[in-house]
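Colleague: I'd like to ask you about the structure that follows.
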There are 2 protein chains.
Amino acid sequence: MDLDQVNATIRAAAPSLFQHLSALGRRAVFPRGIPFQAAEAASAEINGTIGQITDGRGGTRPLPVVAEGLSSLDPDLQRHSLLYSPMAGLPELRELWRARQRREAPQDAPSSLPIVTVGLTHGLSIIADLFISPETVVVLPAPFWGNYKQIFGLRRGAAVVGFPAYDGDRFRAEGYAEALDELPRGAAMVVLNFPSNPGGYSPSEAERAQIVEGLVAAAQKRRVLVLVDDAYHGLVYDAEIPRRSIFWDLLGKSEQLVPVKVCGTTKELVFFSGRVGFLTFACAPDSALAQALESKVKALIRSTVGSPVGPSQALALRALRHPELDAQTEAVRAELEARFLCLQQAYRQLNFRTLRLLPCNSGCFALFELQDDPEIWRRRLLAEQSVGMISVPPRYLRLAFSSVAEDNLVELLTRLKRMEDG
Amino acid sequence: MDLDQVNATIRAAAPSLFQHLSALGRRAVFPRGIPFQAAEAASAEINGTIGQITDGRGGTRPLPVVAEGLSSLDPDLQRHSLLYSPMAGLPELRELWRARQRREAPQDAPSSLPIVTVGLTHGLSIIADLFISPETVVVLPAPFWGNYKQIFGLRRGAAVVGFPAYDGDRFRAEGYAEALDELPRGAAMVVLNFPSNPGGYSPSEAERAQIVEGLVAAAQKRRVLVLVDDAYHGLVYDAEIPRRSIFWDLLGKSEQLVPVKVCGTTKELVFFSGRVGFLTFACAPDSALAQALESKVKALIRSTVGSPVGPSQALALRALRHPELDAQTEAVRAELEARFLCLQQAYRQLNFRTLRLLPCNSGCFALFELQDDPEIWRRRLLAEQSVGMISVPPRYLRLAFSSVAEDNLVELLTRLKRMEDG
């Protein structure tokens, strides 16, 4: 498809999504250049298309000092670790990740074949390139992950508007719709990030329903793009709280409500430096719309990073092929649940006077609300107590309990209490 | 350093470079957010800063189904493959790459500690973000790599102006200065890509001197940023042709001439899907200018891909630590030289009438000039001869001899000749 065809396809199949496209999003199309022509020549007897150094017949010709480091991988995964990846990622990895995503989806819910990105942030960045213009307002609960401001604001010029996430000990599920109601006319992007960073919060079924209803109502007044950031998917420590992605709850609710989903192996496969993310749209994998959107995303992948990462995709694929994967991810979740429970118990036992642990049931983090400047707390904790935490303006401290063992969590809270007392 | 300090530092140390910064480049600064605060807490007794899942004491806690694929790596490289990379890359990898770069540099030539990017294209994309505004003109010899247009034009809105690279059988070293002379007033970016893609050309010492002199003269009339794209560094097959990066020839020539260097492991370590690139500036590694530029680059890395890739850096580091590396890269170069010589000989023997092999002495590619539409040739070659080549408008075919064995190169040229005859 050329650019006109790609844009016409999107306009016809998803007019509201088309309206959200930024100027860059409208210009983007995967060109008929080298990767396109190389894909066409994949089965030629003699293939002189791609500038790879091979054995001369399509096989790898690595340096032994590199390849020896890959020798514990199956031969096909070694190959994937050395030669260029397809622009949208390894087909088998995409299929297996889609099947994994859809285990919790309603059977007829449309979802595209996920496109592989260089970590989840790259997926967010591509969504920002596609859909954010300087006049876009991005709405999300505050406090929020600081990098959203870099991705949406620094790079794309959007206004990032946070509404208060908490009312005392309550998560404000009504906040999304209220914040949208207060905006002037125009398109908006909403970020749904559950389990949340930095809060470690996931909504109950009732709160989810409230969030979705609020967004559907808001979409009657304006176009709303909903970016579902599933970075911490599955890490839930309360049996009453749903684990499924809220992406599935948004499908088919309103033509003016456009959901997109980003997720990744970073936390789900405990593979932090791997940088394998996935970008998923709400359309059938073989649809013309999926192909048109994939053309635009591939153009942005090509022009930001060349192509996705081979060794990391190979390792993720190894994990997804393995029958032990679910048992192993559940073991990690259970360990984090133990840390989470340890943290909650230690907090209750220490009777803090001013430092309030905000509601938390999931993810990697817990958030403490202070009564004064968190940066002063952070620096004193580091200098006087040798404790590292993150200060989040205007009055929060974030604790990554995912990286602190149970005995150290008790000790950390004891030192926090010492600070509060001293 | 905060944004004002970063900008003031650059303005004071490198006023011409500062003038090249785009609006995004001027806004960018590495925020005092999570990675910044986590780095400060690196030696705390209890570190709850980064949202990684660890063993609770700073060690890895991977899924066995992922970690088993890394078991042939040393323990420290396994760790680098799993936990988040520092934002600018692994320090040891940066030091070793810098030492490797500088083996061919004049002793007192300033060069920064290279910053790790997600492949060479990510380095180009960051340079484009930093230095390209919609009014920037990018000058380079045509035909050129199509992705330059995506990176500089599609994403950043620059005008990409190609001048004719060849005059019959001669590379037009004078073309850079001539093209700059013809531009209206304003800043310009010039791309120097040797060995070239798609031409496979590297200039002689005399041609290099001519290129550098031309750029120095042009820099008396306007600010010129010179982007040195060393993707194919070292792959030279003519003993008379210098292999060293032209980056070193540009240093200290003119305050208005600002060189930056991008290079990577993609071709230099035959590691195509690894996506490890490097970005190098012309300043001392411990200078305030280097720190200020690094702050901006780290902000752009953080907001495009989160952080650099761990497993790929680990594999590159393994290679750079290994005493056999030079012998192994030389073996690859020698194999490509054999393919290059085979191609040249077969071309001479076949007596093509219209299809002209352009001057070529290096790299992965050779370029054929046609007398008609290369896309028609490409499609017929694929359909009738089962030969894959890349069509490059307006009248070129690119052959990646790096991926075709010697016997198949002879066969490929025979089929090309058959097409010419038929």
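The values are calculated or read from the model by the stated rules, or taken from the named source; none is laboratory data. Treat the numbers as computed from the prediction; the structure is a model and nothing was measured. Positions of Cβ are backbone-derived with ideal geometry, glycine not excepted, and every protein chain shown enters the neighbour counts.
Colleague: Given the residues A:S43, A:S71, which is the only one that is within 30 Å of A:T329 (Cβ to Cβ) and of a type outside the set (K, R)? First the steps, then the outcome.
Modeller: On the way: A:S43 fails: within 30 Å of A:T329 (Cβ to Cβ).
Sole residue among the options that is within 30 Å of A:T329 (Cβ to Cβ) and of a type outside the set (K, R): A:S71.
Colleague: Scanning the range B:146-172 for residues that are farther than 22 Å from B:H20 by Cβ and under 20 Å from the mean Cα position of the chain (by Cα), which turns out modelled with the lowest pLDDT? Walk me through it before giving the result.
Modeller: Taking the range B:146-172 and keeping what is farther than 22 Å from B:H20 by Cβ, we get B:146, B:164-172.
Keeping just the survivors that are under 20 Å from the mean Cα position of the chain (by Cα) gives B:146, B:165.
Numbers: B:G146: 93, B:A165: 97.
Per the criteria, the residue is B:G146.
Colleague: In addition: Check B:I301 against each of (1) modelled with pLDDT under 95; (2) within 30 Å of A:V262 (Cα to Cα); (3) of a type outside the set (S, T, Y) and name the one condition it does not meet.
Modeller: Answer for B:I301: the failing condition is (1).
Colleague: State the number of residues belonging to the range A:212-232 that are buried (at least 24 other Cβ atoms within 10 Å of the Cβ) and either closer than 15 Å to A:T329 by Cβ or among the acidic types (D, E) (or both).
Modeller: Residues in the range A:212-232 being buried (at least 24 other Cβ atoms within 10 Å of the Cβ) and either closer than 15 Å to A:T329 by Cβ or among the acidic types (D, E) (or both): 4 in total.
Colleague: Given the criterion within 14 Å of chain A (Cβ to nearest Cβ) and either surrounded by 24 or more Cβ atoms within 10 Å (Cβ to Cβ) or not small (G, A, S) (or both), identify the matching residue among B:L289, B:L279, B:L251, B:L293. First the steps, then the outcome.
Modeller: Numbers: B:L289 fails: within 14 Å of chain A (Cβ to nearest Cβ); B:L251 fails: within 14 Å of chain A (Cβ to nearest Cβ); B:L293 fails: within 14 Å of chain A (Cβ to nearest Cβ).
Just a single option satisfies the conditions, and that option is B:L279.
Colleague: If you don't mind, there's one more thing I want to ask. Test B:L336 against the criterion of being at the interface with chain A (Cβ under 8 Å from one of its Cβ atoms) and more than 25 Å from A:L315 (Cβ to Cβ), and give yes or no.
Modeller: Values: at the interface with chain A (Cβ under 8 Å from one of its Cβ atoms): yes; more than 25 Å from A:L315 (Cβ to Cβ): yes.
Yes; evaluated as a whole, the condition is true for this residue.
Colleague: Can you tell me which residue among B:D326, B:D372 is modelled with pLDDT under 95 and more than 8 Å from chain A (Cβ to nearest Cβ)?
Modeller: Details: B:D326 fails: modelled with pLDDT under 95.
None of the others qualify; the one that does is B:D372.
Colleague: A follow-up question, please. All but one of (1) part of a helix (DSSP H, G or I); (2) in contact (Cβ under 8 Å) with a residue 60 or more places away in the chain; (3) out of contact with any Lys or Arg (no Cβ under 7 Å at 6 or more places or on another chain) hold for B:L409; state the number of the condition that does not hold.
Modeller: B:L409 satisfies all of (1) part of a helix (DSSP H, G or I); (2) in contact (Cβ under 8 Å) with a residue 60 or more places away in the chain; (3) out of contact with any Lys or Arg (no Cβ under 7 Å at 6 or more places or on another chain) except (3).
Colleague: Restricting attention to the range B:132-164, report how many residues are surrounded by 23 or more Cβ atoms within 10 Å (Cβ to Cβ), outside any strand (DSSP E or B) and hydrophobic (A, V, I, L, M, F, W, C).
Modeller: Qualifying residue count, the range B:132-164: 5.
Colleague: Out of all the residues in the range B:270-286, which are charged (D, E, K, R) and more than 28 Å from B:A327 (Cβ to Cβ)? If you could, list the steps in order and put the result at the bottom.
Modeller: Taking the range B:270-286 and keeping what is charged (D, E, K, R), we get B:275, B:286.
Within the range B:270-286, just B:D286 meets the criteria.
Colleague: In the range A:178-205, which residues are crowded, with 20+ Cβ neighbours inside 10 Å and among the hydrophobic types (A, V, I, L, M, F, W, C)? First the steps, then the outcome.
Modeller: Going through the range A:178-205, the residues crowded, with 20+ Cβ neighbours inside 10 Å turn out to be A:179-180, A:187-203.
Passing the criteria: A:A179, A:L180, A:A187, A:A188, A:M189, A:V190, A:V191, A:L192, A:F194.
Colleague: What are the residues in the range B:250-276 that are under 30 Å from B:Q220 (Cβ atoms) and within 17 Å of the chain's Cα centre (by Cα), if any? Talk me through it step by step, then tell me what you get.
Modeller: Looking only at the range B:250-276, we keep the residues that are under 30 Å from B:Q220 (Cβ atoms), and these are B:250-263.
Those that are under 30 Å from B:Q220 (Cβ atoms) and within 17 Å of the chain's Cα centre (by Cα): B:L250, B:V258, B:P259, B:V260, B:K261, B:V262, B:C263.
Colleague: Moving on to the next point. Is at least one residue of the range A:305-314 more than 12 Å from chain B (Cβ to nearest Cβ) and either within 17 Å of the chain's Cα centre (by Cα) or under 29 Å from B:H122 (Cβ atoms) (or both)?
Modeller: Checked the range A:305-314: no residue is more than 12 Å from chain B (Cβ to nearest Cβ) and either within 17 Å of the chain's Cα centre (by Cα) or under 29 Å from B:H122 (Cβ atoms) (or both).
Colleague: Restricting attention to the range A:10-28, does a residue exist that is buried (at least 20 other Cβ atoms within 10 Å of the Cβ), in a loop (DSSP other than H, G, I, E, B), at the interface with chain B (Cβ under 9 Å from one of its Cβ atoms) and under 26 Å from the mean Cα position of the chain (by Cα)?
Modeller: yes
Colleague: How about the range A:16-50: which of its residues are among the β-branched types (V, I, T) and under 22 Å from B:G153 (Cα atoms)? Spell out the reasoning first.
Modeller: As a first pass, look at the range A:16-50 and keep what is among the β-branched types (V, I, T): A:29, A:34, A:46, A:49-50.
Hits for the range A:16-50 are A:V29, A:I34.
Colleague: Does B:S273 qualify as being out of contact with any Cys (no Cβ under 9 Å at 6 or more places or on another chain) and surrounded by fewer than 24 Cβ atoms within 10 Å (Cβ to Cβ)? Explain how you work it out, then say what you get.
Modeller: On the way: out of contact with any Cys (no Cβ under 9 Å at 6 or more places or on another chain): yes; surrounded by fewer than 24 Cβ atoms within 10 Å (Cβ to Cβ): no.
No.
Colleague: So if I check each of A:D76, A:D108, which one is among the acidic types (D, E), farther than 30 Å from B:G157 by Cβ, within 24 Å of the chain's Cα centre (by Cα) and surrounded by fewer than 21 Cβ atoms within 10 Å (Cβ to Cβ)?
Modeller: Of the residues listed, the single one that is among the acidic types (D, E), farther than 30 Å from B:G157 by Cβ, within 24 Å of the chain's Cα centre (by Cα) and surrounded by fewer than 21 Cβ atoms within 10 Å (Cβ to Cβ) is A:D108.
Colleague: Another question, then. Could you tell me how many of the residues in the range B:58-89 are charged (D, E, K, R) and within 22 Å of A:N197 (Cβ to Cβ)? Full working, then the answer.
Modeller: If we filter the range B:58-89 for residues that are charged (D, E, K, R), which is where we start, we get B:61, B:68, B:74, B:76, B:79.
With the extra rule that they be within 22 Å of A:N197 (Cβ to Cβ), the set shrinks to B:61.
Qualifying residue count for the region: 1.
Colleague: Restrict the check to the range A:391-398 and report whether at least one residue is facing another protein chain (nearest Cβ under 7 Å) and not hydroxyl-bearing (S, T, Y).
Modeller: Within the range A:391-398, not a single residue is facing another protein chain (nearest Cβ under 7 Å) and not hydroxyl-bearing (S, T, Y).
Colleague: All but one of (1) under 27 Å from A:G69 (Cβ atoms); (2) at the interface with chain A (Cβ under 7 Å from one of its Cβ atoms); (3) hydrophobic (A, V, I, L, M, F, W, C) hold for B:A299; which doesn't?
Modeller: Tallying (1) under 27 Å from A:G69 (Cβ atoms); (2) at the interface with chain A (Cβ under 7 Å from one of its Cβ atoms); (3) hydrophobic (A, V, I, L, M, F, W, C), B:A299 fails exactly one: (1).
Colleague: For B:D2, all conditions in the list (1) within 13 Å of chain A (Cβ to nearest Cβ); (2) closer than 26 Å to A:P394 by Cα; (3) surrounded by fewer than 16 Cβ atoms within 10 Å (Cβ to Cβ) hold save one; what is the number of the exception?
Modeller: Of everything listed in (1) within 13 Å of chain A (Cβ to nearest Cβ); (2) closer than 26 Å to A:P394 by Cα; (3) surrounded by fewer than 16 Cβ atoms within 10 Å (Cβ to Cβ), B:D2 misses just condition (1).
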